[in-house]
Every structure is written in structure tokens, then in C-alpha cells.
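Single-structure report; data block below.
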Amino acid sequence: MEKYNFREIEEKWQKRWEEEEIYRAKFLSDKKKFYVLEMFPYTSAQIHMGHVRNYTIGDVISRFFMMNGFNVLHPIGYDAFGMPAENAAIKQKIHPKDWTYKNIETIRKQLKKLGISYCWEREVITCDSDYYRWNQYFFLQFYKKGLVYKKLSPANWCPSCKTVLANEQVVDGVCWRCGLEVEQKELSQWFVKITEYAEKLLDFSGIKNWPERVIIMQKNWIGKSYGTEVHFTIPELNKELIVFTTRPDTLFGATYVVLSPRHPMVQDILKKGRLKSEIEKFLLKVKGQGLTVEATIKMEKEGIYTGFDAINPVNNEKIPVWIGNYVLMEYGTGAIMAVPAHDQRDFEFAQKYKLPVKIVIKNPEWNGIPEKLEAAYEGEGKMINSGQFNGLSNREFMEVITEYLTEQGKGRKAICYSLRDWCISRQRYWGTPIPIIYCKNCGTVPVPEKNLPVTLPYNVNITGQGESPLKNLPEFFHCKCPQCGGDAERETDTMDTFMDSSWYFLRYASGDIKDKPFDKEEVNYWMPVDQYIGGIEHAILHLLYSRFFIKVLNDLGYVNFKEPFKNLLCQGMVIKDGAKMSKSKGNVVDPDDMIKTYGVDTLRLFILFAAPPELDLEWSEKGIEGTWRFINRVWNLNSNILSYESQGTDTGDINVERIINKTINSITEDITKDFHFNTAIAKMMEFVNNLSKSIEKKECSREKLVSVWQRFIKTLSPFTPHICEEMWELMGNKGSLVAEKWPEINEEYLIDENISIAVQINGKLRGRITIPAGCSEKDVVEMAVKEPSISRWLKDKTILKKIYIQNKILNLIIK
């Protein structure tokens with residue numbers, strides 16, 4: 001028996017697949033399509049086991065749909081711009097472009113070793129100028145539409161990465177990439193008006209099957225709140241202060257208002273000179289504190305009284321105006337009304353600064369009104385201390401008070417979103433240059449489309465300190481104004497790399513084109529992506545930005561669809577010893593080592609078998625060794641079948657037909673329903689066990705055995721393509737398995753030869769009998785009345801009615 005030489009087999013088939021371009025996608029508008037895509041890798045040094053899992057899942061799906069007659073697009077590319085490349089360049093004294101392309105070559109070789117069915121002809125590299133020129137093109141289209149603007153704004157600044165971070169990239173007050181605490185820095189930056197699409201982004205009707213938690217995460221991030229705008233007046237400033245609240249029912253209980261340190265009214269207060277020195281010291285103290293909701297929740301709440309008072313519009317009471325570090329200018333109006341009796345955060349602040357607490361909602365469980373609260377009461381109740389509105393339920397009062405404020409011209413119904421505009425400015429080199437020129441005569445001037453791309457110069461000194469090094473490169477920085485021809489300067493910020501990944505899937509769907517970002521006809525054929533696969537960590541950033549991008553392009557007429565990804569699978573991590581694999585923990589398993597030891601088909605099968613795709617996978621040496629033994633058993637069984645000689649029996653042939661049909665049926669269901677690859681593989685293992693027993697007993701004919709085995713090879717091939725291609729060829733077949741049709745099921749063989757059914761008498765279970773599948777009612781009744789456990793209940797009784805549900809249950813009505 002020939003030994004299973006996985007190295008030779010895998011190299012042979014990978015070479016043949018590449019030479020024959022069998023995975024090359026073609027635009028065939030009359031054929032049903034399936035676009036499967038895994039989130040593309042960042043160009044770090046090499047792929048890890050998490051990548052292997054992600055790409056193997058996608059490959060099984062790709063091969064399955066190819067064999068089911070779909071025109072499949074399964075592309076690959078590289079997310080190649082960004083901070084890690086620049087940081088590595090500084091550390092290793094190598095240019096980021098050289099570092100990136102060196103890594104791309106490594107990753108490309110690794111991916112080909114995995115035997116993934118990629119259409120390599122559509123490979124995308126985001127740091128190539130023929131790709132990022134279209135980032136610049138889309139920037140200009142967004143600019144024309146008024147969706148891009150520049151403003152002076154405090155920024156989340158990572159002192160380690162030395163660049164600005166979007167709010168979404170600050171997690172619990174630290175940088176999402178390096179984990180260092182984020183600071184605040186005032187910078188002039190470019191923003192994309194994603195807030196204009198908040199309502200459209202809350203519409204998920206164009207999505208077919210996404211994890212509910214991802215949808216919830218996006219909805220929470222967008223943060224739509226229904227509430228009321230309330231207009232307070234500050235007489236000494238002769239100004240109106242507008243606050244947004246979701247609790248207008250507590251307005252009579254407002255005992256102070258709080259401004260964000262960045263609220264415009266703070267400057268008006270400083271101009272009056274009252275408490276100026278103290279306020280300026282406070283503003284300096286809180287200047288570097290976080291800009292995110294998470295940061296304000298965790299920070300110590302601090303504030304300062306401004307010396308000014310506001311007038312509550314419902315009772316004309318004077319209440320103090322404070323400035324507080326926990327109020328974000330980015331949410332609502334940047335000012336809040338504080339009701340310490342009914343908001344715990346306000347209560348704690350009031351306790352700290354000895355501010356009054358006024359109860360306006362009575363807890364139904366209270367006996368009387370407490371003189372002092374131990375904590376804020378945030379529940380339901382009747383209104384008290386609320387003038388003519390006393391006695392109303394607080395829920396009813398929400399509508400009543402909003403209508404009252406509207407009639408008085410002191411407020412109105414309002415909707416507020418937590419979503420903030422997307423800051424895309426990065427003070428780094430390794431990114432897409434922003435196509436803007438600054439001219440003393442003409443102001444801000446977009447680079448003409450005919451002059452794109454604005455290319456990144458190679459000869460640049462990268463220090464990683466402060467501003468972009470592009471400012472120190474005269475040949476890039478200094479230029480001529482495209483409008484007046486005078487001296488001008490280029491924008492030196494580069495784009496957030498999420499701009500690159502917000503539309504890359506469109507570039508894949510266009511083949512090889514140079515004169516436009518994508519071919520509209522072909523993109524409208526392939527898109528939306530039918531199955532997208534990636535980690536849950538991208539639920540807000542990448543997935544939200546991509547949805548936004550497509551909605552804008554739809555509005556601009558570039559595409560005829562409104563969602564990029566129809567179905568989304570968020571695969572779990574690969575962990576070892578209960579923890580995420582990392583070099584610092586010393587628990588990394590190198591995919592290359594596993595491939596050298598066991599072969600890629602074994603690695604693929606173990607990755608798919610060890611856990612359902614959406615759950616974390618615990619790495620197991622015993623597990624991969626067990627998978628290796630199964631692969632060898634399949635190989636040896638193939639050799640046994642090639643030399644098998646037997647006439648068998650009709651019964652034996654029927655038995656193996658029943659086994660293979662049930663197996664294929666179950667596997668098909670497992671793949672198409674939630675991608676339960678692990679249970680599909682378990683059924684393959686069970687099939688191999690059953691077939692081995694049949695072969696040992698020589699129960700079936702050679703002709704039937706070969707037919708059954710070849711169908712099994714087809715079924716196994718999406719999981720372990722190399723060994724299956726080899727066995728298919730050894731069976732005397734030509735061509736690749738992806739060109740073969742997925743095995744059909746004969747439903748006659750799905751019914752068991754003998755089945756057990758329940759027998760009821762007057763609706764009560766009295767026993768079970770075994771009958772041939774498909775048995776007639778007459779025969780079933782005859783067998784039932786002869787069964788001792790049933791017949792004793794029928795003694796001296798008359799059967800009035802027989803109710804038979806075929807192959808399931810018999811109910812006898814007796815008297």
C-alpha cells in the first residue's frame with residue numbers, strides 16, 4: 001500500500017491549480033453568482049492560526065458553491081497601509097514599503113500553501129498607487145457632495161503610535177492597536193460626515209443574516225435617542241443655553257446645569273472675567289482627558305462653578321451653571337441639565353459639591369417623601385413638586401411637558417445620535433495622501449482628478465515623532481496651485497486606513513481595470529458580498545464604515561445596492577491553554593510547523609472539526625494527531641477500494657447507498673445551515689467507519705463501492721482538497737473536483753429500512769413496534785394487534801377508529 005506523502009501531493013495540486021487558473025472568476029451575467037470573502041489580512045510578518053481558520057472557512061464555502069453550479073468570486077488582497085508598517089520601519093530601519101512588500105510575499109506563499117481557492121488574478125494591495133488613487137478620487141467625490149470638511153478639533157492622540165485615533169479606535173481610554181493610554185491634542189483635521197447617514201445606517205433591512213450582537217453593537221454605537229430640547233436662559237450673558245434630555249419629566253428637579261469644557265459658552269463666561277483664573281486652571285487640568293463615553297464613565301467627575309446662573313423655563317428658578325469634565329461636546333448640545341434626585345451620576349456630583357437635591361418623582365414604595373436620598377431614584381412614579389402637573393405619571397408627563405415647552409417657545413421634541421463624524425486625518429507617512437492643496441490666493445483647493453494619484457514619495461525620513469514627515473520633503477510639500485498657478489502647499493496628513501478597507505471588495509469585483517475605481521456593470525453583478533467572514537472586533541469600525549461608504553456610493557449613482565455584505569459570519573479566535581495565542585504568553589502555534597508535520601489538509605480538517613466556526617477554538621495537539629490518523633485512514637481506504645474485488649449482495653449495495661445518501665444529506669444541511677463544519681466532519685468519520693465494516697465483510701459489489709466512494713470524495717473535497725484531488729485522479733477521473741457537481745441525494749435511501757413507531761390507545765402511549773419503512777396502515781395495524789404489549793389493552797375491546805401517521809405513530813380508538 002502506497003504511503004500518504006502529503007508534501008508531494010500538496011505541492012503537485014497547488015502547482016496544477018495555479019497553472020490551470022481553475023479558480024479564476026469570470027463575469028458571466030447570465031449565471032447565478034456567489035461572492036464569498038474573508039476580511040483581508042494586514043501585512044504583518046506572517047499569518048497566524050486565526051487567519052488559517054478564517055480562510056479555511058471561506059474556502060469550504062467557496063468550493064461548496066462552485067460544486068453547486070454557482071459562478072464563484074473568492075478573491076484575496078492585503079490591507080497594506082497603516083501604523084504597524086511605519087513603526088516597524090522605524091524600529092528595524094527599513095522603509096515601510098519594503099517591509100510591507102516583503103511581508104506580502106511571505107503571506108502570499110503561506111496562503112498558497114493552504115490551498116485556498118483564491119482568484120489570484122484579482123489580488124488587491126491597498127498601498128499600490130493604482131489602488132489608493134481611487135481612495136483620493138472618492139475623497140474628492142465626498143468633498144463635492146459636502147460630506148468631507150476640515151475643522152479645528154481636539155483629537156485622541158496616541159503618544160506611542162504618534163497619531164490621531166477616531167473615537168471608535170479608543171477602547172476603554174487606550175489605543176485599540178498598542179494599548180497605551182490616549183491623550184488629547186488640538187489639531188486641524190479632516191472629517192467625513194457619517195452623521196448625515198445615521199438614520200440610513202440604522203436600517204438593516206438590506207441585510208439577510210448577520211449576528212444579532214453585531215447589529216445591536218452598531219445600533220448602540222449610532223445611539224439614537226428620543227428626547228426634548230430645553231431652552232434655559234442665562235440673563236447675565238444675554239444668551240440661551242439649549243440642553244438635550246431624554247428625561248424631560250425631571251425638568252422641575254433640575255438643580256444645576258453643566259457645560260462641556262469645550263462648549264462655546266465657556267469662552268463667553270471667560271470674557272466676563274468672573275472666576276476667570278479658577279476656570280482657566282480647571283480647563284487646563286481637564287484638557288487632556290478622554291473624549292469618549294467610556295472615558296467619561298470611568299474618570300473621576302470634576303467640575304467648577306462659573307459664577308453664573310441659568311433660569312429653569314418651567315418654574316423660573318435660578319440654578320447654577322457649572323463646567324464638568326464628564327460632559328462631552330460631541331453628544332447632544334454639549335450641555336446637560338442635572339437632576340441629582342433622579343440620575344445617579346448627577347447625584348454623586350451633587351454630593352461631592354454639596355449641590356441641592358430636589359425630588360420630583362415619587363417612588364410608589366415610599367411611605368411619604370424622604371428627607372434625604374441615599375441614591376438617585378431612577379424609576380417610575382407620580383409627579384410631585386412639579387406645579388400644576390403634580391399627580392401625573394412621569395411617563396405621561398414626558399409628553400405633556402414637551403408639548404408645554406413647545407407652546408411656550410422654550411423647547412421641542414428632538415432626536416439625538418451618539419455617532420460622531422469620522423476623523424480620517426492621520427499625522428503619519430504610510431497612508432493615502434489627502435488630495436488637497438492650500439493656496440494663499442485660492443484657499444483650500446482639491447487636487448484635479450486628472451492629476452491623481454498624489455503619490456507617496458519614497459525618499460522620506462521617518463522618525464515617528466509629531467507631525468507627518470511629508471512636511472519636511474520640499475518636493476512633495478511645495479507645489480503649484482491648480483487654479484491660479486501660484487505657490488502652494490500640499491496637505492501632509494494621510495487618510496485613516498479604514499478608508500482603504502471601506503470599498504476594497506468593489507475593486508475585487510471589477511477584474512483588471514485602470515481608468516476607474518471599478519466597473520459598474522460587473523460590480524452590480526457580483527455585489528453585495530453573499531458571505532463575509534471576519535472577527536467580531538470589526539463590528540463597529542470596518543463594518544460600519546463599509547456600510548456608510550456603500551450608502552454614499554448608492555446615493556451618488558455608482559452602485560445600485562445599499563448594503564455591502566448580505567450575510568456575515570464572525571468566527572471565534574484560536575486559543576491555547578485558555579488564552580488567545582500571543583508571543584508574550586508563549587502559546588503560539590505556528591501554522592507552517594503544523595503543515596510541515598501533518599500536511600495542510602490535516603491542519604484544515606482539525607481547524608474545522610475542533611469547534612463550530614462562531615465559537616473560540618481551543619488548540620489541541622491530541623486533536624490534530626487524531627485528525628492526522630483519520631486522514632491516513634481515508635488514504636488507506638482509498639487504496640483498499642482500488643484493489644477491492646467482490647460481487648457483494650443487493651442488500652449490501654442498498655445498505656451502502658443508504659449510508660452515503662444519509663451522509664451527503666446531513667453534510668449538505670450542516671454546510672448550508674449555519675456552517676456546522678464540525679458536525680459535518682463527524683458524519684464523515686462515521687461514514688468511513690461504516691463503509692470500512694462493509695468492505696471487511698465484502699457486503700457490496702465493487703461497482704457500487706466505487707460509486708459510493710467517489711461521491712464521498714466529492715463531499716470531503718471542500719474540506720481537504722489536496723488528498724481528495726489525488727484520490728479522485730487515482731480512481732481514473734480527470735479534471736479538478738471543483739468542476740464536478742455536488743453529489744445528488746436519492747430521497748428513497750433516506751428512509752430507514754426498519755423504523756420504530758409509537759402505538760397509542762385512546763391517545764395514551766402503550767408501546768412501540770418495529771415496522772418496514774413505508775408500511776401500509778393495514779399492515780401496521782396487523783402487526784400492532786399481535787404485539788403482546790399492545791394486545792393486552794385490546795382484549796374484549798372494539799377498535800372504532802385507526803389514526804396512522806406514516807412512519808411515525810399509530811393511534812387506536814377503542815371502546
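The values are calculated or read from the model by the stated rules, or taken from the named source; none is laboratory data. Because the structure is predicted, anything quoted here is derived from the model rather than measured. Every residue, glycine among them, receives a Cβ derived from its backbone with ideal geometry; neighbour counts consider all protein chains shown. All accessible areas refer to the heavy atoms of the entire protein, side chains included, with ligands and DNA or RNA removed. Shrake-Rupley method; radii C 1.70, N 1.55, O 1.52, S 1.80 Å.
Data overview
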{"item": "Failed criterion for K514 (all others in (1) at pLDDT 95 or above; (2) open to solvent by 20 Å² or more (accessible area, probe 1.4 Å) hold)", "result": "(1)"}
{"item": "Matching strands (runs of 3 or more DSSP E) fully within the stretch 123-229 where at least 2 residues are more than 20 Å from T492 (Cβ to Cβ)", "result": "183-192"}
{"item": "Residue tally, condition of a type in the set (F, W, Y) and free of Cβ contacts under 8 Å to residues at least 24 places away in the same chain, over the stretch 343-388", "result": "1"}
{"item": "Residue selected from the stretch 73-85 under the condition outside any loop (DSSP other than H, G, I, E, B) and open to solvent by less than 10 Å² (accessible area, probe 1.4 Å), by the criterion nearest to I462 (Cα to Cα)", "result": "A85"}
{"item": "Filter result for T246 (out of contact with any Leu (no Cβ under 8 Å at 6 or more places or on another chain), of a type in the set (V, I, T) and within 30 Å of E407 (Cβ to Cβ))", "result": "yes"}
{"item": "Residue match in the stretch 283-294 (condition: surrounded by fewer than 16 Cβ atoms within 10 Å (Cβ to Cβ), among the basic types (K, R) and either touching a Ser or Thr at 6+ places or on another chain (Cβ under 9 Å) or at pLDDT 90 or above (or both))", "result": "no"}
{"item": "Helices (runs of 4 or more DSSP H) enclosed by the stretch 576-659 - at least 1 residues per element that are farther than 14 Å from R53 by Cα, touching a residue at least 60 places away in the same chain (Cβ under 8 Å) and open to solvent by less than 20 Å² (accessible area, probe 1.4 Å)", "result": "621-642"}
{"item": "Qualifying positions in the stretch 300-315 - more than 17 Å from I384 (Cα to Cα), assigned to a loop (DSSP other than H, G, I, E, B) and open to solvent by 30 Å² or more (accessible area, probe 1.4 Å)", "result": "E300, K301"}
{"item": "Index of the failed condition, N54 passing every other in (1) crowded, with 22+ Cβ neighbours inside 10 Å; (2) in contact with a Phe, Trp or Tyr (Cβ under 9 Å, 6 or more places away or on another chain); (3) not hydroxyl-bearing (S, T, Y)", "result": "(2)"}
{"item": "K797 in a strand (DSSP E or B), open to solvent by 100 Å² or more (accessible area, probe 1.4 Å), among the charged types (D, E, K, R) and more than 23 Å from E748 (Cα to Cα)", "result": "no"}
{"item": "Meets criteria (in the same structural domain as C127 (by TED's automatic domain parsing), assigned to a helix (DSSP H, G or I) and modelled with pLDDT of 95 or more) for V60", "result": "yes"}
{"item": "Matching residues, the stretch 557-568, being of a type outside the set (S, T, Y) and either touching a Leu at 6+ places or on another chain (Cβ under 6 Å) or over 20 Å from S205 (Cβ atoms) (or both)", "result": "G557, V559"}
{"item": "Pair list, Cβ under 8 Å, 6 or more apart: the stretch 731-744 residue aromatic (F, W, Y), other residue assigned to a loop (DSSP other than H, G, I, E, B) and open to solvent by 50 Å² or more (accessible area, probe 1.4 Å)", "result": "W742/N68"}
{"item": "Filter result for I803 (exposed (fewer than 13 other Cβ atoms within 10 Å of the Cβ), more than 30 Å from N638 (Cβ to Cβ) and at pLDDT 90 or above)", "result": "yes"}
{"item": "The stretch 517-555, subset among the acidic types (D, E) and under 28 Å from M217 (Cβ atoms), residue most open to solvent (accessible area, probe 1.4 Å)", "result": "E537"}
{"item": "Long-range neighbours under 8 Å by Cβ, at least six apart or interchain, first residue under 11 Å from W120 (Cα atoms) within the stretch 14-29, second assigned to a loop (DSSP other than H, G, I, E, B) and modelled with pLDDT under 95", "result": "none"}
{"item": "Conditions (1) under 30 Å from P613 (Cα atoms); (2) touching a helix residue (DSSP H, G or I) at 6+ places or on another chain (Cβ under 7 Å); (3) not basic (K, R): number failed by F505", "result": "(2)"}
{"item": "Flag for I550 being out of contact with any strand residue (DSSP E or B) (no Cβ under 8 Å at 6 or more places or on another chain) and assigned to a helix (DSSP H, G or I)", "result": "yes"}
{"item": "Count - residues of the stretch 745-780 that are surrounded by 12 or more Cβ atoms within 10 Å (Cβ to Cβ), of a type outside the set (A, V, I, L, M) and part of a strand (DSSP E or B)", "result": "5"}
{"item": "Members of the stretch 660-696 that are more than 40 Å from the chain's Cα centre (by Cα), open to solvent by 10 Å² or more (accessible area, probe 1.4 Å) and of a type outside the set (D, E)", "result": "N690, S692, K693, I695"}
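This table checks each residue for (1) under 30 Å from K358 (Cα atoms); (2) without any contact (Cβ under 8 Å) to a residue 40 or more places away in the chain; (3) surrounded by fewer than 16 Cβ atoms within 10 Å (Cβ to Cβ).
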| site | (1), (2), (3) |
| --- | --- |
| I222 | no, no, no |
| E240 | yes, yes, yes |
| V243 | yes, no, no |
| T250 | yes, no, no |
| V258 | yes, no, no |
| M265 | yes, no, no |
| R274 | yes, yes, yes |
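The rows are residues; the columns are (1) modelled with pLDDT under 90; (2) of a type in the set (A, V, I, L, M); (3) out of contact with any strand residue (DSSP E or B) (no Cβ under 7 Å at 6 or more places or on another chain); (4) over 30 Å from I641 (Cβ atoms).
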residue	(1), (2), (3), (4)
C700	no, no, yes, no
S707	no, no, yes, no
T720	no, no, yes, no
C724	no, no, yes, no
I761	no, yes, no, yes
K764	yes, no, yes, yes
T770	yes, no, no, yes
